1. Filter region 141-171 down to residues that are free of Cβ contacts under 8 Å to residues at least 40 places away in the same chain and in a helix (DSSP H, G or I), then give me how many there are.
2. Identify the residue in region 113-138 that is under 16 Å from GLU156 (Cβ atoms) and hydrophobic (A, V, I, L, M, F, W, C) and, among all such residues, is surrounded by the fewest Cβ atoms within 10 Å (Cβ to Cβ).
3. Looking at TYR148, TYR121, which is the one that is aromatic (Phe, Trp, Tyr) and under 19 Å from VAL175 (Cα atoms)?
4. Can you tell me which residues in region 80-125 are modelled with pLDDT under 95, in contact with a Phe, Trp or Tyr (Cβ under 6 Å, 6 or more places away or on another chain) and either in a strand (DSSP E or B) or among the aromatic types (Phe, Trp, Tyr) (or both)?
5. Just give me the residues in region 158-174 being of a type in the set (Lys, Arg) and farther than 13 Å from LEU142 by Cα, in sequence order.
6. Looking at this structure, is THR87 of a type in the set (Ser, Thr, Tyr) and under 14 Å from LEU168 (Cα atoms)?
7. Quick check on my filter: what residues within region 88-107 are in contact with a helix residue (DSSP H, G or I) (Cβ under 9 Å, 6 or more places away or on another chain) and hydroxyl-bearing (Ser, Thr, Tyr)?
Amino acid sequence: MSTSPAGATLDIGCGNSKTPGAVGIDILPGPQVDIVHDLNKLPWPLEENRFDRIVCSHVLEHLNDLVGVMNEIHRVSRHGASVELLTPHFSSLNSWEDPTHTRHFARRSFEFFDTSKKHHYTDRCMKTRQVDLTFGSGLWDLMGKMHYALWPNLWEKHFCFIWRARNLKVILEVVK
């Protein structure tokens with residue numbers, strides 16, 4: 001039985017910019033890191049069903065076993081937990097220029113963790129609640145944002161390297 005208060009938040013890969021009030025876990029020690037742990041080593045030293053909110057900003061692209069990590073996120077989350085993911089979209093130069101990035105994500109990448117979809121890689125259920133892309137603020141970025149809003153499949157298949165996105169923001173809900 002978890003002793004964490006309702007509303008407990010886990011910030012995965014928090015570094016020195018931990019979500020206020022969250023428990024922070026990261027591979028490197030720092031003033032905002034509560035638990036020092038290599039996130040590639042599963043399971044994590046956390047209790048099951050502990051968190052109502054998971055924040056994972058710019059870390060998944062660095063990890064080796066995405067399916068294992070997503071299963072671990074499910075394990076430490078309570079039913080109904082919100083899982084907030086932020087990662088570079090594959091069209092962003094940020095996705096490619098960092099040599100420690102092991103993978104690149106498209107807007108439907110996390111549907112493979114939603115058991116209501118035709119194809120999924122785990123039996124642990126997470127429902128997709130929101131998928132958004134962010135763009136820059138220039139005129140060229142505005143063109144990409146507009147094309148994406150009107151024709152997301154066409155934009156990602158044919159135009160994403162002309163009008164590049166910056167980040168992919170996904171919110172999942174844990175179902176147990």
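The values are calculated or read from the model by the stated rules, or taken from the named source; none is laboratory data. What you see is a predicted model; the values in this text were computed from it and never measured. Neighbour counts are summed over all protein chains in view; Cβ atoms, including those assigned to glycine, are modelled from backbone coordinates with ideal geometry.
1. The total comes to 16.
2. VAL131
3. One residue alone meets the criteria, TYR121.
4. Across region 80-125, the qualifying residues are PHE112, TYR121.
5. LYS169
6. yes
7. Scanning region 88-107 gives SER91, SER95, THR100, THR102.
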